[in-house]
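In what follows, a structure is listed as structure tokens, so that the remarks can point back to it.
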Amino acid sequence: MATTTVSTSPKPGSGPGAAGPVAERPSPWRRFRDPSLPILVAVLLGIWALASRFTAEYTVPTIPSVAQEMWSILTSWESLRNLLTTLARVGVGLAAAFAVGLALGLAMGTSSAAARYLLPLIRFVQGIPSLSWVIIAVIWFADVELRVWFVMVLVTLPGFALQTYDSYRAIPAELRDMARSFRPGRWALFREITLPAITPGVFTAWKVNLGLGIRMVLIAELVGATVGVGAQLLSAQQLFDMASVVSWTLLLAVCMLIIQAVVELLESWVLRYRPRVGLPSEASGRPATSAAAPRVEG
């Protein structure tokens, strides 16, 4: 008499942890390889060229005049020093805000008493208009660098602190209790549980604060600074030199895009342990392949 055996051994590449084919992790430079980007740039340049033909030079400068101005900035060390100075101010201010914000966020997350006193204060600081901090800095400090640093820290610190605090609160209590059952040291608990949980939020705060930091540095440089992109924009405004205004603005925007791409590249490397994104066809509703197909042997 023949016997029937049903085998449920999984096929290679299948099982509970397998989710079918996976896509490569998106590259941070994908925005520059987007095929729609050249089309968008061409359309914007066409609108720009058309507008410059029917308006005055001091209103909408021509593309050649802006290109010539940008080239003169990039080939002159004196002009390039203004751009590098502004970027250095952004970096120093963001680094200080990140260090203090990270410490405050962790303190609020680990201590309910600290959160009771610090959280309302941080939210109050976040609600103060950025321009108010600029005016306060002008009245309080005579040194331009101290003004810029003060404004940068107070404007971007709440973002780092609140993002760290929210990320820490998102850690499941069961996960922390399970980790404590192994009696780890404080550093081991921070390294294995806290740090991986708050890292995605910290990178998000960096990407958001990059744009905010550059805008705040420009505003702070407009008041009393003699070196920096903000000072050059103020000088161009006084001379009605729109080509210079557009050139400095475009160079700063390109620099910000490059820095954001670098941050995303670092984020992709640091968070490489996370599951990769599935193929688009899987997200569109295609049924998944069963993990184990029964095999009948007679």
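Would you call Ser290 open to solvent by less than 60 Å² (accessible area, probe 1.4 Å), farther than 24 Å from Leu94 by Cβ and at pLDDT below 80? Outline the logic, then answer.
On the way: open to solvent by less than 60 Å² (accessible area, probe 1.4 Å): no; farther than 24 Å from Leu94 by Cβ: yes; at pLDDT below 80: yes.
Considered against the rule, which asks whether it is open to solvent by less than 60 Å² (accessible area, probe 1.4 Å), farther than 24 Å from Leu94 by Cβ and at pLDDT below 80, Ser290 comes out as no.
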Among residues belonging to the range 249-273 that are surrounded by fewer than 12 Cβ atoms within 10 Å (Cβ to Cβ) and farther than 27 Å from Val229 by Cα, point out the one that is modelled with the lowest pLDDT. Tyr273
Against the definition (over 18 Å from the mean Cα position of the chain (by Cα) and in contact (Cβ under 8 Å) with a residue 40 or more places away in the chain), how does Glu78 come out, yes or no? no
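So which residues in the range 152-174 are over 23 Å from Val208 (Cα atoms) and either acidic (Asp, Glu) or open to solvent by less than 20 Å² (accessible area, probe 1.4 Å) (or both), if there are any at all?
Matches in the range 152-174: Glu174 only.
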Only one residue in Ala42, Ala97 is more than 18 Å from Ala231 (Cβ to Cβ) and at pLDDT below 90, so which one is that? Ala42
Of the residues in the range 226-240, how many are assigned to a loop (DSSP other than H, G, I, E, B) and buried (at least 20 other Cβ atoms within 10 Å of the Cβ)? 1
With the first residue restricted to the range 214-243 and required to be without any contact (Cβ under 8 Å) to a residue 24 or more places away in the chain and under 26 Å from Ile63 (Cβ atoms), and the second required to be open to solvent by 60 Å² or more (accessible area, probe 1.4 Å) and outside any loop (DSSP other than H, G, I, E, B), Cβ contacts under 8 Å at 6 or more apart or on different chains are Leu233/Thr249; Ala236/Met242
When you check Asp177 against the structure, is it under 30 Å from Gln260 (Cα atoms), assigned to a helix (DSSP H, G or I) and among the acidic types (Asp, Glu), yes or no? no
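The values are calculated or read from the model by the stated rules, or taken from the named source; none is laboratory data. Because the structure is a prediction, the values reported are computed rather than measured. With ideal geometry, Cβ positions are generated from the backbone for all residues, glycine too; neighbour counts draw on all protein chains shown. The protein model used for the area step is the full one, side chains on, heavy atoms only, and it has no ligands, DNA or RNA in it. Shrake-Rupley method; radii C 1.70, N 1.55, O 1.52, S 1.80 Å.
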